[in-house]
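The next block holds one structure in the form of structure tokens; read it before the comments.
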Amino acid sequence: MKSYSIALIPGDGIGQDVTDAAWQVLSTVARHSGFTLTGTSFPWSCAFYKETGAMMPADGIEALRPFDAILLGSVGWPAEVPDSISLHGLLLPIRKAFVQYANIRPHRLLSGVEGPLKASDFDILCVRENTEGEYSGAGGRVHQGTADEVAVETSIFTRAGVERILRFAFEQARQRRGMLASVTKSNAQKHSMVFWDEVTRQLAAEYPDVEVTSYHIDAMAARVVMAPESLDVVVASNLFGDILTDLGAAIQGGLGFAASANINPDRSAPSMFEPVHGSAPDIAHLGIANPIAAIWSGAMMLEHLGEREAAGMIMAALERTTIRGIGTVPGKDRTRSITAAVLAALD
Ligand code: IPM
Ligand code: MN
């Protein structure tokens, strides 16, 4: 029997609630499908930081490396630990250390979910660069706290980094509807973004079957709202992709529905799966967090592990749940009842 070892990092706030829910669904589907998932939980979080002074132990990355995949809830408890510490101590180092350079986020309406737009027939896959760009962490502050203070944060765009994310996006487009939108701001940022556009054009020659269009990020933001059905695969830098995927979440009904996968396409290290939403400390442990984004992320994990059919079973169960109106309206259904409905729909 096939067996996969999964590292579970529930993290903070509702991350724990939704990871529990996703794990129940994943374990059940594994039982039905004839493979085993073994979960090992890591308590790394802001609470862990308060106890130990670090978000994860010094050998945390090495502890995760042997796993087949990582399922993460959410990280952050800004009232207790500044986000700049918690994120740079756990989530971002994992993405970088494991070269999870492709952050993929599907944006479409599950059956029965109403978005805020008139359009409902959109199906967008955002491919966000996930290891460099604006979130490289390169920079510093001098003359701190004085009137002469200077803060510098440098975006890093390497040819290797830009080429591999674009190539990944071209490949995705090829497997979908053959359209790729590459997003920059090359009219204003004349070095890095002009470079990105150039690499896009160079690669386009290798993918004559993919129709590629370059957009500026501001125009793309408007297009996502005005004509989302015109988009297939959208590829963007770390910052632009971050912002666009919250917009994508909004048009698919909210952050409760937005799933994501941090993929290492070369499979040289584990990939990580997590909902797009944050830890929402205000509703943590009240039992009202929507687990759908986390469950969908779990389906993306199975897909990555090669368990396509099982992933499809989860997606079908999600839609059988939402089409009945369960989990579709924020605050209406409890985490437990949404999870129970998905579990029941698996049979
Ligand atoms: C996301 C989150 C993170 C990101 C934050 C918490 C650092 O917003 O996954 O989109 O921007 O990568
Ligand atoms: Mn984000």
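Across region 82-126, what is the total count of residues that are more than 15 Å from the chain's Cα centre (by Cα) and either modelled with pLDDT under 95 or more than 22 Å from Asp68 (Cα to Cα) (or both)?
Total satisfying the criteria: 21.
If you check Leu247, Leu286, which single one turns out to be within 15 Å of ligand 2 (Cβ to nearest atom) and surrounded by fewer than 21 Cβ atoms within 10 Å (Cβ to Cβ)?
Only one candidate qualifies: Leu247.
Considering only residues that are within 16 Å of ligand 2 (Cβ to nearest atom), of a type outside the set (A, V, I, L, M), open to solvent by 10 Å² or more (accessible area, probe 1.4 Å) and touching a Phe, Trp or Tyr at 6+ places or on another chain (Cβ under 8 Å), which ones fall in region 217-244?
Correct list: Asp242 only.
Within region 317-347, how many residues turn out to be more than 25 Å from Ala250 (Cβ to Cβ), out of contact with any His (no Cβ under 7 Å at 6 or more places or on another chain) and among the hydrophobic types (A, V, I, L, M, F, W, C)?
Final tally of qualifying residues: 4.
Residues Ile243, Ile217: which one is within 16 Å of ligand 1 (Cβ to nearest atom) and either over 30 Å from Ile14 (Cα atoms) or among the basic types (Lys, Arg) (or both)?
None of the other options fit; the residue is Ile217.
Against the definition (without any contact (Cβ under 8 Å) to a residue 12 or more places away in the chain, closer than 14 Å to Asp12 by Cα and of a type in the set (D, E, K, R)), how does Asp148 come out, yes or no?
On the way: without any contact (Cβ under 8 Å) to a residue 12 or more places away in the chain: yes; closer than 14 Å to Asp12 by Cα: no; of a type in the set (D, E, K, R): yes.
So Asp148 does not fit the description; no.
Is it fair to say Tyr207 is part of a strand (DSSP E or B), crowded, with 18+ Cβ neighbours inside 10 Å, touching a residue at least 12 places away in the same chain (Cβ under 8 Å) and among the aromatic types (Phe, Trp, Tyr)?
In short, no.
Among the residues of region 164-192, write down those that are part of a helix (DSSP H, G or I) and either open to solvent by 40 Å² or more (accessible area, probe 1.4 Å) or under 24 Å from Asp209 (Cα atoms) (or both). Before the answer, list the steps.
Residues of region 164-192 part of a helix (DSSP H, G or I): 164-175, 192.
Matches in region 164-192: Arg164, Ile165, Leu166, Arg167, Phe168, Ala169, Phe170, Glu171, Gln172, Ala173, Arg174, Gln175.
At least 2 residues that are open to solvent by less than 60 Å² (accessible area, probe 1.4 Å) in each: list the helices (runs of 4 or more DSSP H) lying fully within region 37-119 that qualify.
Answer list for region 37-119: 46-52, 60-64, 92-97.
Select from region 187-202 the residues that are within 25 Å of the chain's Cα centre (by Cα) and not acidic (Asp, Glu) and list them in ascending order.
The answer is Ser192, Met193, Trp196, Val199, Thr200.
The values are calculated or read from the model by the stated rules, or taken from the named source; none is laboratory data. Here the structure is a predicted model, which means the values were calculated and not measured. Because the Cβ atoms are built from the backbone with ideal geometry, glycine has one as well, and the counts that use them run over all protein chains shown. Keep in mind that these areas ignore ligands, DNA and RNA; they rest on the heavy atoms of the full protein, side chains included. Shrake-Rupley method; radii C 1.70, N 1.55, O 1.52, S 1.80 Å.
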